[in-house]
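S.K.: Handing you a structure now.
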Amino acid sequence: MTSIGGAGMVDWNLAVATATRLVRPGPEISREEAREVVAELRRHAKAAEEHVRSFTRMIPEGTEPEDTPVLVVDRSGWIKANVAGFRELLRPLLEKMEERRGGGTGGAVLGAVGSKVTGVEVGMLLSFLASRVLGQYETFAPATRELPASADGGGRLLLVAPNIVHVERELEVDPHDFRLWVALHEETHRTQFTAVPWLRDHLQGEIQSFLDETDVDPMTVLERLREAAQSLAGGRPEGEEGEDGGRSLVEIVQTPAQREILGRLTAVMSLLEGHADYVMDGVGPEVVSSVDEIREKFQQRRARGASRLDQALRKLLGLDAKLRQYRDGERFVRAVVDEVGMDGFNRVWTSPNTLPTKAEIAKPEDWIARVHRKAES
């Protein structure tokens, strides 16, 4: 696990150990209550599958897409799953950085600091994220002994039980409704990738193209990791920004070619996240009686964030961009469905050519004109 890219740029074992040690403890809950939460989340995941399929009409009747496992995990389980995914997805970039490390100032410094320090810094970032994620469809998920994945080596749905319990208590909403509401969102992501066979390969190809275009000094990545880790440790004053004006990890490594790829990736992610939000609210009134209250309180929580430190880290990690993706993507989906109906919207899944561009996410009428009007003329 520690030898990705030759001598090893990141000690992944140490990253897991560090994140597991530093992650905040979950909410206080009895063993019996924890078992009930896990069992209920599994039931909701199964129920959500039928609700989402019926609402989205993405899977034709009589067909059964490849199954992917649903795993209810704790925070340490989420950490282990994501490290496995990161290792696989970042392998080409780390190998490229390893080649550059042999010469030049950046390579020398990174070599001196070593993979263990980098592993600690990655672990600190994972510990921050592990207490915030409610659920996740892992698109690129290699199977492990503890964490099974789909037969082709990718795909599993994670529901992070302690985080779900923490948020439902914080918002003071009905816990049973909230758990189903979360399951609807995450099940929509699972349906997106199981119903659209080409989507995973397309997304992976775009990400790998982005990484292939990366021409980054290893020192730059190390400094970004250290900056984020120091923020977590209180080593950087709140509100202080460097020369880059507080740009995210993704933004600082972009080449012109990467900016084009990132625009396409942003559009796809906005579509996927917005579609999931639209579906969870569309299904909600039928099966989640308190959906309006949950949505209002959850939106307020998203907008408000937490401390200034939390906001600074969200900016550095690009999480604020993810919040915009929920909002912009949901507006796109709603506008298209209102205009051409659900079946008309589902043309978006026909091929990579029918995916919306970043500009079309902001102007849904342009996507409708391109995909629908052209087909009808």
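S.K.: Answer yes if at least one residue in segment 335-351 is under 14 Å from HIS275 (Cα atoms), among the hydrophobic types (A, V, I, L, M, F, W, C), at pLDDT 80 or above and touching a Leu at 6+ places or on another chain (Cβ under 7 Å), and no otherwise.
M.R.: Yes, because at least one residue in segment 335-351 is under 14 Å from HIS275 (Cα atoms), among the hydrophobic types (A, V, I, L, M, F, W, C), at pLDDT 80 or above and touching a Leu at 6+ places or on another chain (Cβ under 7 Å).
S.K.: Can you run down the residue pairs with Cβ atoms below 7 Å, 6 or more apart or on separate chains, where the first is in segment 279-292 and in contact (Cβ under 8 Å) with a residue 40 or more places away in the chain and the partner is part of a loop (DSSP other than H, G, I, E, B) and among the acidic types (Asp, Glu)?
M.R.: Short answer, once both residue conditions are applied: SER290/ASP174.
S.K.: Considering only residues that are in a helix (DSSP H, G or I) and among the basic types (Lys, Arg), which ones fall in segment 116-151?
M.R.: LYS116
S.K.: A further question follows. Would you check which residues across segment 340-351 are touching a helix residue (DSSP H, G or I) at 6+ places or on another chain (Cβ under 9 Å) and surrounded by fewer than 14 Cβ atoms within 10 Å (Cβ to Cβ) and list them?
M.R.: THR350, SER351
Every residue, every condition in (1) in a helix (DSSP H, G or I); (2) open to solvent by 40 Å² or more (accessible area, probe 1.4 Å); (3) within 18 Å of VAL160 (Cβ to Cβ); (4) modelled with pLDDT of 95 or more, yes or no:
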{"site": "GLU40", "(1), (2), (3), (4)": "yes, no, yes, yes"}
{"site": "SER54", "(1), (2), (3), (4)": "yes, yes, no, no"}
{"site": "PRO60", "(1), (2), (3), (4)": "no, yes, no, no"}
{"site": "GLY85", "(1), (2), (3), (4)": "yes, no, yes, no"}
{"site": "ARG91", "(1), (2), (3), (4)": "yes, yes, no, no"}
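S.K.: Would you mind finding the one in SER307, SER209 that is modelled with pLDDT of 55 or more and of a type in the set (Gly, Ala, Ser)?
M.R.: Only one candidate qualifies: SER209.
S.K.: Which one is nearest to GLY329 (Cα to Cα) among residues in segment 278-287 that are open to solvent by less than 10 Å² (accessible area, probe 1.4 Å) and at pLDDT below 90?
M.R.: Across segment 278-287, the extreme among qualifying residues is MET280.
S.K.: For ARG314, are the conditions met, namely being touching an Asp or Glu at 6+ places or on another chain (Cβ under 6 Å), at pLDDT below 65 and open to solvent by 80 Å² or more (accessible area, probe 1.4 Å)?
M.R.: So ARG314 fails the test.
S.K.: Let me ask something else about it. Of all residues in segment 64-78, which are at pLDDT 70 or above and more than 15 Å from LEU159 (Cβ to Cβ)?
M.R.: GLU64, ASP67
Rundown of residues vs (1) at pLDDT below 90; (2) open to solvent by less than 40 Å² (accessible area, probe 1.4 Å); (3) under 25 Å from ASP292 (Cβ atoms), yes/no style:
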| position | (1), (2), (3) |
| --- | --- |
| GLY106 | yes, yes, no |
| VAL109 | yes, no, no |
| ALA112 | yes, no, no |
| GLY153 | yes, yes, no |
| VAL167 | no, yes, yes |
| VAL182 | no, yes, yes |
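S.K.: Restricted to segment 317-334, and to residues that are closer than 16 Å to GLY282 by Cβ and not acidic (Asp, Glu), which residue is modelled with the lowest pLDDT?
M.R.: TYR326
The values are calculated or read from the model by the stated rules, or taken from the named source; none is laboratory data. Everything numeric in this text was worked out from a predicted model, so none of it was measured. Cβ atoms come from the backbone with ideal geometry, glycine included; neighbour counts cover every protein chain shown. Accessible surface is based on the protein model in full, side chains and every heavy atom, while ligands, DNA and RNA are left aside. Shrake-Rupley method; radii C 1.70, N 1.55, O 1.52, S 1.80 Å.
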